[in-house]
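Trainee: After the structure tokens below, expect a handful of questions from me.
The values are calculated or read from the model by the stated rules, or taken from the named source; none is laboratory data. Computed from a prediction, not measured in an experiment: that's the story for all the values here. Don't worry about glycine lacking a Cβ; one is built from the backbone with ideal geometry, like all the others, and counts go over all protein chains shown.
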Amino acid sequence: MRLLVDVESGTRCLDGGGVAMEVVDVDAGNFDIYLNLVQAYEAEFSPLTGKKPGSDGRFALDTHLGGNVHGHLLYLGETPAGLAAIESDRDEHEVREFYVVPLFRGRLTGSRFAQSLWRRFPGNWEIKQIAGASNATAFWRRAVGEFTQGRFEEDHHDDPVWGHVVRQRFVVGA
């Protein structure tokens, strides 16, 4: 069975349903799983981005893995349940993509997934939500607020790619 072990305490972490969690790096062996889940992510945000699937039925990706961008998959038991794409440059990290399958939301699964990544990569973090993504903004405020005990900055930022975004910034110590 797969487990997510909290780096700080060494204890096993379970989602609200009592299912073992594991976060794994995307590699050649699971890249297709990442690509499948990222299509669901793109579809979910298509009303906000205006993106349509191509003639092959797939959405074009905004974030490609490789270089400074690394991917992670969330498993609940044996089931792929989420993804994250993180851009890192030394101790500067940005959440570029983050998705939890809707069935698994509302049980702290997404928060625990995000927090496991923050613990793994100490440094300065930035998360952005596009205009209209009020559910995403509420999620990130809760997750970051809980993790940092309210010690984070939030502002409105004009992003060169996404336009007007809500942005959270915070620091994770080593």
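Trainee: Taking LEU103, is it among the aliphatic types (A, V, I, L, M), modelled with pLDDT under 95, outside any strand (DSSP E or B) and out of contact with any helix residue (DSSP H, G or I) (no Cβ under 9 Å at 6 or more places or on another chain)? Before you say what the answer is, go through the steps one by one.
Mentor: Working: among the aliphatic types (A, V, I, L, M): yes; modelled with pLDDT under 95: yes; outside any strand (DSSP E or B): yes; out of contact with any helix residue (DSSP H, G or I) (no Cβ under 9 Å at 6 or more places or on another chain): yes.
Spelling it out, LEU103 is indeed among the aliphatic types (A, V, I, L, M), modelled with pLDDT under 95, outside any strand (DSSP E or B) and out of contact with any helix residue (DSSP H, G or I) (no Cβ under 9 Å at 6 or more places or on another chain).
Trainee: Spot the failing condition for ASP27; the list is (1) loosely packed, with under 13 Cβ neighbours inside 10 Å; (2) assigned to a helix (DSSP H, G or I), and only one is missed.
Mentor: (2)
Trainee: Shifting gears a bit: Against the condition in contact (Cβ under 8 Å) with a residue 40 or more places away in the chain, under 22 Å from THR109 (Cβ atoms) and either assigned to a strand (DSSP E or B) or more than 15 Å from the chain's Cα centre (by Cα) (or both), how does GLN129 come out, does it pass?
Mentor: Values: in contact (Cβ under 8 Å) with a residue 40 or more places away in the chain: no; under 22 Å from THR109 (Cβ atoms): yes; either assigned to a strand (DSSP E or B) or more than 15 Å from the chain's Cα centre (by Cα) (or both): yes.
Criteria not met by GLN129.
Trainee: A follow-up question, please. What number of residues within the range 85-114 are over 22 Å from ASP155 (Cβ atoms) and either exposed (fewer than 15 other Cβ atoms within 10 Å of the Cβ) or without any contact (Cβ under 8 Å) to a residue 60 or more places away in the chain (or both)? Give the steps one after another, and end with the answer.
Mentor: First pass over the range 85-114, keeping only residues over 22 Å from ASP155 (Cβ atoms): 85, 90, 99-110, 112-113.
Narrowing further to those that are either exposed (fewer than 15 other Cβ atoms within 10 Å of the Cβ) or without any contact (Cβ under 8 Å) to a residue 60 or more places away in the chain (or both): 85, 90, 100, 102-103, 105-106, 110.
Of the residues in the range 85-114, 8 are over 22 Å from ASP155 (Cβ atoms) and either exposed (fewer than 15 other Cβ atoms within 10 Å of the Cβ) or without any contact (Cβ under 8 Å) to a residue 60 or more places away in the chain (or both).
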